[in-house]
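Beneath this line is the structure, given in structure tokens, with notes to follow.
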């Protein structure tokens, strides 16, 4: 709030994680102390991987509850309001990891308002840990402030770590952490005085990220299977597997637009990455612009001498020319295929291409859908393509689809001083394959509605998650098998899944949130359907979109296909204006960043009703 | 005249000059699908200036929207709108606003004319008044496209060909003839061009002084950046 006539009574973040599925409720309560009505703003940030599931406002004992609707229908329904500029979008991109939900309402004198926002997400294991990120910016002292996180992990917690960017020596002891074998509770609840920046002043110290990191115990090779209320989830990340050697081709854009800092950061990242190659790996470097000039004609072993030679070469890569992505990637594919055919590369090894680019292809084949087709047919499902999109100008959607079509993933690299670390971090995530062609099998007559159960690779520090529905609701065990290709031998393990007795495991908890396995299954299914709706054949795309929409509505998730519509209380000055919360896609986030770069203050301003992006101008004049 | 393609998304701009004999008419925008045509005629200085360089400027624009049946002639003297057999004439000294079913015109006191053709294009024409007794220069016009997103993908012309974006890359920055204007290599439309960093003026916000916009200057009448040759855009009449 901007006015001192508004008092914030309570800000509470209550997060419950049950088997990686996080359910967070943010509550904020404020009172208008003024003798006139005034606008009160509520802004919260949530991870971009989360789906909003609920939002409500309680104003003068009356509840206004958000409703998840099909996006197109919601748009049509409010077309009039939208066209007259009276509707406000609630969600905006905020930084790399978060999106901001903001709403404002007019509150009568001496009245109070309570906002409650709920969102859910499946925590992803990256580099051996899960992360729960809560961003708190109350902007004022709060009478009751608390962040409470309860983690329930039936596999047992191997460690739990909590820290915050705003924690001073005085605030640090206020973080309470209780960890038992299968449960952790982390709370932080400073008093008003403890929140104060300095004695007697109104500024608050609470401004930043509260981060909890943890991992679970992994004792069995089969992983952990949990059956709850007719749904099951299988977490697979076996311990102590030797890594599989990899054959990696780095396809590096050195076109003109990479000039300056981007080229320099690419060189720095490549030097660090090369240093991390294992001796049994094979690698190649293909710098490209309008011409494609591989460092060597084939992949070579990552011996110390070869790596040193490559590092010397990388130092000399300079920008020039235009961008031929098609030719460069196809050259990489060809090199890997030839290496395998000529037996120069080990049989049991993983093939991958890492493409680093900042821009649109503009020479050779420049039609992006044609490039996707060419790359897909050349790769033929036999290797993984990872794409790193550098900067705001990159066509991220193009890279994202192309990676997903080829069993890889894309990542945006933000143009900033830490771009070198971002590049390196991505490489660390995907550089240590433990298994390839991983197949998780469940009896056909026992389970249905399975999420994806075949994975091209399992990377060190990550985790494979498969969920499904049990045909027989009372079933409490079934056979599970996992197959994969390891370094020296095939990986094969089988075992029995058993239902957990949550009552025994957590005797003191009456209710955690019973349907979490079903919601986890729904979240995962929707995510995979959304991916399929971008990458599959046209009828597959339509089917996947329809299914994802159905499930988003059924489980009340705000996804890119749905909107949450909240109708604000009637305004004295005008008619009702609906508020619409959407889920942003990566492309929309990128667009928003481009705009905010040019319009300072946009991100911190209250929601605007309309925004006009800068458009190109074409003119002719005299001097 | 100097042509400018400002690309705020890239925080960059491209520019080039096109010059020819005074009296030449160039096609600036041509969209057969939506029936839009913008042609402009250039004029030279009153006499050859001491530096011997003949400057040319646009002094007359002819604009047609066939589908709407609208025709506009804008020159340094006046503005004429023809529709349904009627002619409306406005003077640059007017402060006028004309709202019709198909076309909106707005003439403001800073000698700018804003034209909105229904569901197609929006542009501004600026009149640059030169001291009447200036020994060499005359009044001239500038043409600024404000919104062209409704035009068809086949739109062409010296300006129109850029309405759907342009992909280019600039590399190999090196010292040029003047220290403040370095040279570089531009890759565009499959060609490699030598370009020079410079600036040209955008007069929309300050019709007298303009604002300098840094841009990559493409030499020899935009050769390599524009499709074909500048002479390919010469047309025989204003309409």
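Of note:
- Checking each residue in the range A:143-159 for being touching a helix residue (DSSP H, G or I) at 6+ places or on another chain (Cβ under 7 Å) and within 30 Å of residue A:204 (Cα to Cα) picks out A:143, A:145.
- Applying the criterion of at least 3 residues that are over 22 Å from the mean Cα position of the chain (by Cα) and within 22 Å of residue A:465 (Cβ to Cβ) to the strands (runs of 3 or more DSSP E) found wholly in the range A:124-227 leaves A:157-164.
- Each residue in the range B:112-126 was checked for being within 13 Å of another protein chain (Cβ to nearest Cβ) and either at pLDDT below 85 or within 23 Å of residue B:56 (Cβ to Cβ) (or both), and 5 of them qualify.
- Here the strands (runs of 3 or more DSSP E) wholly within the range A:444-554 that include at least 2 residues being more than 21 Å from residue A:430 (Cα to Cα) are A:464-470, A:477-485, A:490-498.
- Residue check for residue A:359: under 26 Å from the mean Cα position of the chain (by Cα) and within 14 Å of chain B (Cβ to nearest Cβ): yes
- Search result, residues across the range A:400-410 that are closer than 19 Å to residue A:351 by Cβ, touching a residue at least 24 places away in the same chain (Cβ under 8 Å) and either within 14 Å of another protein chain (Cβ to nearest Cβ) or not in a loop (DSSP other than H, G, I, E, B) (or both): A:402, A:404, A:405, A:410
- Residues in the range B:132-146 that are within 7 Å of chain A (Cβ to nearest Cβ) and either under 20 Å from residue B:6 (Cα atoms) or more than 19 Å from the chain's Cα centre (by Cα) (or both): B:142, B:143, B:144, B:145.
- Hits in the range A:453-489 (condition: in contact (Cβ under 8 Å) with a residue 60 or more places away in the chain and out of contact with any strand residue (DSSP E or B) (no Cβ under 9 Å at 6 or more places or on another chain)): A:473, A:488
- Test for residue B:129: is it more than 20 Å from residue A:615 (Cβ to Cβ) and more than 13 Å from chain A (Cβ to nearest Cβ): no
- Scan of the range A:250-280 for residues that are outside any helix (DSSP H, G or I) and either within 14 Å of another protein chain (Cβ to nearest Cβ) or within 29 Å of the chain's Cα centre (by Cα) (or both), ordered by number: A:250, A:251, A:252, A:253, A:254, A:255, A:259, A:260, A:276, A:277, A:278
- Any chance residue A:337 is in contact with a helix residue (DSSP H, G or I) (Cβ under 6 Å, 6 or more places away or on another chain), more than 14 Å from chain B (Cβ to nearest Cβ) and at pLDDT 95 or above: no
- Residues of the range A:304-326 classified as over 21 Å from residue A:370 (Cβ atoms) and within 14 Å of chain B (Cβ to nearest Cβ), total: 4
- Number of positions in the range B:159-178 that are at the interface with another protein chain (Cβ under 7 Å from one of its Cβ atoms) and at negative phi: 7
- For the range A:111-132, the set of residues classified as in contact with a helix residue (DSSP H, G or I) (Cβ under 7 Å, 6 or more places away or on another chain) and over 17 Å from residue A:518 (Cα atoms) consists of A:126, A:127, listed by residue number.
- Of all residues in the range B:58-77, those that are surrounded by 18 or more Cβ atoms within 10 Å (Cβ to Cβ), over 16 Å from the mean Cα position of the chain (by Cα) and not in a strand (DSSP E or B) total 1.
- Residue A:298 meets each of the listed conditions (1) outside any loop (DSSP other than H, G, I, E, B); (2) at pLDDT 95 or above; (3) in contact with a helix residue (DSSP H, G or I) (Cβ under 9 Å, 6 or more places away or on another chain); (4) surrounded by fewer than 17 Cβ atoms within 10 Å (Cβ to Cβ) apart from (1).
- Residues in the range B:101-124 that are without any contact (Cβ under 8 Å) to a residue 24 or more places away in the chain, assigned to a loop (DSSP other than H, G, I, E, B) and within 23 Å of residue B:29 (Cα to Cα): B:101 only.
The values are calculated or read from the model by the stated rules, or taken from the named source; none is laboratory data. Everything numeric here is computed off the predicted structure, so don't read it as measured data. Cβ coordinates were reconstructed from backbone atoms using ideal geometry, including for glycine residues, and neighbour counts include every protein chain displayed.
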